[in-house]
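Some notes on the structure that comes next.
The values are calculated or read from the model by the stated rules, or taken from the named source; none is laboratory data. Every value quoted in this text rests on a predicted model; they were computed, and no experiment measured them. Methodologically, a virtual Cβ is constructed for each residue, glycine included, from the backbone with ideal geometry; neighbour enumeration extends over all protein chains shown. With ligands, DNA and RNA removed, areas are computed over all heavy atoms of the protein, side chains included. Shrake-Rupley method; radii C 1.70, N 1.55, O 1.52, S 1.80 Å.
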Amino acid sequence: MSRRPTSRREFLVGTTAALISGRMARAQRPPLTAQQVADRIRSSVGVPWRPQSLDGFKVGDPSTPVTGIATTVMVDINTLKRAVADRQNFIVTQEPIFYSNNDDPGNRAKDAVYLAKKAVIDEHRLVVWRFAEHWNARQPNEAAKALAASLKWTGAEAPDAPQLYRVPETTLAGLVGQVRSRLPLRGGLRMVGQPGMRVRSVYLSPGTTSLANAVGSLQKADVILAGEPREWEAIPYALDTWSAERGKGLIAIGRVVSEGPSVHACATWIRSILPDVRVESIPTTDPYWSVNV
Amino acid sequence: MTAQQVVERIQQKLQELKINWRAQTVDTFKAGSPQTEVRAIATTGMATFDVLHRAAAAGRNFVITHEPTFYNHMDQTADLEADPIYQAKQRFIKDHNLVIFRFHDHAHALQPDPLVAGSARMLGWTQYASPNEPRIYVLPTTTLRALAVDVAAKLKGRAIRVAGDPDMKVTRVALGPGYGVPALTTSIDVAVGGETAESGGNAEYILDAAADGQKKGMILLGHMMSEDWGMREVAEWLGPLVPEVTVEWIPAGEPFTMAT
């Protein structure tokens, strides 16, 4: 249902054709273009738009009328096809679409897989817009808040330490069990630390984890729950805490799974600023499996 | 001989191999005095605190590491000065008169790259190296699942991750070192390496290729399960250059605990 005040035109449409549903009436207004949707998001995000940013249009014509919006962690061909089936032609993604951070196909410009993906985009006139840096710059951190909600920890955040959660006392292995049962993980979970260590506080660090973040948070928390920590930064730091007899834990759930709750929250937020547009998130699947579990 | 003299032997050998020492490089002393008399040398994938304990216990006071000592590529320590873990590690280095040197950029410049050759040797793939394509191994046909099980068994890795259809047929494998997981193309079945951006690259390529009717896969070993072995190759290469002292590989090992 539309939450926007009824316009005169909608009123006329509604009175002359009482059987037309609210949704159809909405469809008869000229839809917003992709550019207008992007502008609305940019002006509402509450974070100054950075002059140098990987966020923005990646492929497609910004003047395309938007039929619906899909938010997603990653844009593979099946995500595109699913969006097409749901008449969502504006795709908001956390991650690049063309296999590199700047989305330059480079050596793959003549690659059959790249061309197949480009063909799906062209055929269905899709528009892909990246929205990661600015979404993740919002405070409090949206991705951590959404991940906490998925872990059923809402309300357990420490008042004086953002992204730090006080959890009922458990062990590192017990925490791994909780995480496995509450997130759509396949093989992507790894951990550093002794399984029996006592855990009472967890710092949530979805996405990537800088060294400064790892060092700062482990002075307060027993464990970092990370997405994709670098293995020459946060991982050896967590490992070294054990040699220094101040053992801390680290659980890495993978970047894709760690960002899943965030893109769901992003869809909810976009809906709040664009109530007349259909916005859905596309669920995330862990792309990784393991031979160790 | 001093640690500095050991490094000079390395530089001399590289010069003979026509590999110029780079002006900009992370291959520098990270801790301790270069003038320290070397009792014995340990090479390792990463100078973790645990490796330093083992090196000191074995009387190996010169540690040559492939990856950083202080948790960042440039080994910058300004932001770590107040950190108790960093302080404890520095204190241990000082108390045991250790010297740490990084051998990264120039190790990768050797032909073949010992960091790749070391993994290939552990995996039993050396005989399958493609004669004219670096880093490509043409294996007897297997499946992605069987390959991943074999890799995990050979490396004793505890946190190996795989993307792609487990039943896909595999023959052409591209093996990269550490963070250098090869980018998949239509001419490679499976890319193998340490760690990589987990999305925005091969992960999407594998899904897109499957949607286009092609099977592709990736095996992520973890950074140490990829590069630790190569520092054993470096120990064997370095030994004859410094006959005055012994050189031994001390594995950094798998940092990940089995998640139960």
Open item on the list: With unit charges on the beta carbons (Lys and Arg positive, Asp and Glu negative) and the dipole taken about the Cα centre of the stretch A:185-252, which residue among A:224, A:241, A:208 sits farthest to the positive side?
Closed with: A:224
- [ ] Considering the options B:243, A:260, B:157, tell which one lies farthest towards the positive end of the dipole of the protein assembly as shown, charges being +1 on Lys and Arg and -1 on Asp and Glu at the Cβ, about the Cα centre.
- [x] A:260
- [ ] Could you give the size of the charge dipole of chain B about its Cα centre, using +1 on the Cβ of each K and R and -1 on the Cβ of each D and E, expressed in debye and rounded to the nearest 20?
- [x] 500
- [ ] Among B:220, A:279, A:172, flag the residue with its Cα farthest along the positive direction of the charge dipole of the protein assembly as shown, charges on Cβ as +1 for Lys/Arg and -1 for Asp/Glu.
- [x] A:279
- [ ] Note down the nm distance, to one decimal, between modelled labels 7 Å out along Cα→Cβ at residue B:9 and at residue B:40.
- [x] 1.5
TODO: Starting from the Cα of residue B:186, step 7 Å along the direction of its Cβ; do the same at residue B:82; then give the gap between the two resulting points in nm.
DONE: 5.7
Task: Efficiency of FRET from Cβ geometry, residue B:26 and residue A:268, R₀ 30 Å, rounded to 0.05 - done: 0.10
- [ ] Indicate the gyration tensor shape class of the stretch B:1-108 (rounded, prolate or oblate), computed on the Cα atoms with a ≥ b ≥ c the square roots of the eigenvalues: a/c under 1.5 is rounded; otherwise a/b larger than b/c is prolate and the rest oblate.
- [x] oblate
Open item on the list: Going Cα to Cα from residue B:169, which aspartates and glutamates come in below 14 Å? Please leave out same-chain ones fewer than 8 positions away.
Closed with: B:189
TODO: Could you state the angle between the C-alpha long axis of helix B:114-123 and the longest principal axis of the C-alpha atoms of chain B, as a value from 0 to 90 degrees rounded to the nearest 10?
DONE: 60
Open item on the list: Is the C-alpha gyration tensor of the protein assembly as shown telling us rounded, prolate or oblate? Criteria: a/c under 1.5 is rounded; beyond that, a/b larger than b/c is prolate, otherwise oblate.
Closed with: prolate
TODO: Would you mind counting up the charge near residue A:172? Only other residues with Cβ under 13 Å from its Cβ, with Lys and Arg at +1 and Asp and Glu at -1.
DONE: +3
- [ ] For the pairs A:81/B:156; B:30/B:216; A:248/B:216; B:13/B:216; B:154/B:215, note any where the Cα-Cα span goes beyond 29 Å.
- [x] A:81/B:156; B:30/B:216; A:248/B:216; B:13/B:216
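Rounded if a/c is under 1.5, else prolate if a/b beats b/c, else oblate: with a ≥ b ≥ c from the C-alpha gyration tensor eigenvalues square-rooted, which is the stretch A:69-125?
Oblate.
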Task: Calculated from backbone phi, Karplus (6.51, -1.76, 1.60) coupling profile of the stretch A:65-79 in Hz, x at Gly/Pro - done: x, 8, 8, x, 10, 10, 9, 7, 6, 10, 10, 9, 4, 5, 4
- [ ] On a 0 to 90° scale, report how tilted helix A:112-123 is relative to the longest principal axis of chain A, with both axes built from alpha carbons and the result rounded to the nearest 10.
- [x] 40
Open item on the list: If I ignore ligands, DNA and RNA and count only protein heavy atoms, how much of residue B:128 is accessible to a 1.4 Å probe, in Å² to the nearest 10?
Closed with: 70
Task: Environment charge at residue A:221 (Cβ cut-off 11 Å; Lys +1, Arg +1, Asp -1, Glu -1) - done: +3
Task: Inter-label distance, nm, simple model (7 Å from Cα along the C-beta direction), residue B:127/residue A:200 - done: 5.8
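Nothing charged except the Cβ atoms of Lys and Arg (+1) and of Asp and Glu (-1): what's the magnitude of the dipole of the stretch A:43-169 about its Cα centre? Round to the nearest 20 debye.
260
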Task: For a label point 7 Å along the Cα-to-beta-carbon line of residue B:58, residues of the stretch B:1-40 with backbone N under 13 Å - done: B:40
TODO: Please figure out what share of the DSSP beta bridges in the stretch B:149-221 is antiparallel and state it in percent, rounded to the nearest 5.
DONE: 30
TODO: Note down the magnitude of the dipole of the protein assembly as shown about its Cα centre, charges +1 on Lys and Arg C-beta and -1 on Asp and Glu C-beta and zero elsewhere, to the nearest 20 debye.
DONE: 1760
TODO: Name the long-range amide H neighbours of residue A:209: under 5 Å, sequence gap of 5 or more, or other chain; modelled H, no Pro or chain starts.
DONE: A:228, A:230
